């Protein structure tokens, strides 16, 4: 009789477990929204589109040479050569925009969930990106003026100031987004390996420091020698101090 009662209790426990198991699985499934992964990818795709449009618009304001039936080969070639500073500006802007996109893409490799604050932080990343076509064109025009005239040095240095300031806000926004998505709301992302974390923070800090200091310097003085010297000093500080600071921040 005791054996029969024990077997009956075991059967009842199995039956209870069988009834509870679907509920537990259902609760686990409810923890993750069925469209969660798609929504994270959608946020990344939207950001990619903004970066792509900004890069494309870099070339829109650059005017092609005026070619007529009376134009000579030398005249057209000279007009193309006059655009060298424009091409220099667009190549540099393309490089920095590509680096910001790569950093943004790197972070989304580890982000698996989101909230409203993550969306807002991501929009702050995109805000300075859309200004690059304007600041790049303005910077290119001031490069031309730097070569042709020095009557108003404060004006042509203003092009440098705005471009550096644009980069400062872009780099700061990427670093802020890292802190928001990876540090403050770390439950929304996977763990980033320490070496990759240090490298990311080091590069981000360098950009913030480099463009931030140059923004201030170019607003204070129009001495190009002093500006170039400041650049060299920042590059030296990168190897000495910035990596050490990045290592400490990554370990937190």
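Take the residues in the range 65-113 that are out of contact with any helix residue (DSSP H, G or I) (no Cβ under 6 Å at 6 or more places or on another chain), in contact (Cβ under 8 Å) with a residue 40 or more places away in the chain and outside any helix (DSSP H, G or I), then tell me which one is surrounded by the fewest Cβ atoms within 10 Å (Cβ to Cβ).
The residue in question is 112.
Residues are listed down the side, and each one gets a yes or a no for (1) modelled with pLDDT of 95 or more; (2) over 17 Å from the mean Cα position of the chain (by Cα):
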residue: 111; (1), (2): no, no
residue: 114; (1), (2): no, yes
residue: 118; (1), (2): no, no
residue: 127; (1), (2): yes, no
residue: 132; (1), (2): yes, no
residue: 138; (1), (2): no, yes
residue: 142; (1), (2): no, yes
residue: 145; (1), (2): no, yes
residue: 149; (1), (2): no, yes
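Just a yes or no: is a residue in the range 90-105 at pLDDT 55 or above and more than 16 Å from the chain's Cα centre (by Cα)?
yes
Condition check: surrounded by fewer than 18 Cβ atoms within 10 Å (Cβ to Cβ) and at pLDDT 85 or above. Does residue 196 satisfy that?
Yes; evaluated as a whole, the condition is true for this residue.
Does residue 210 satisfy being under 23 Å from residue 169 (Cβ atoms) and at pLDDT below 80?
No; evaluated as a whole, the condition is false for this residue.
Quick one: what pairs do we get from the range 52-64, first residue at negative phi and without any contact (Cβ under 8 Å) to a residue 40 or more places away in the chain, second assigned to a helix (DSSP H, G or I) and surrounded by 15 or more Cβ atoms within 10 Å (Cβ to Cβ), C-beta under 7 Å, 6+ apart or different chains?
From the range 52-64, the pairs are 59/90.
Answer yes if at least one residue in the range 11-32 is closer than 30 Å to residue 119 by Cβ and modelled with pLDDT of 50 or more, and no otherwise.
So far as the range 11-32 goes, yes, one or more of its residues are closer than 30 Å to residue 119 by Cβ and modelled with pLDDT of 50 or more.
The values are calculated or read from the model by the stated rules, or taken from the named source; none is laboratory data. Predicted, not measured: the structure shown is a model, and the values here were computed from it. Every residue, glycine as well, gets a Cβ built from its backbone with ideal geometry; the counts of neighbours run over all protein chains shown.
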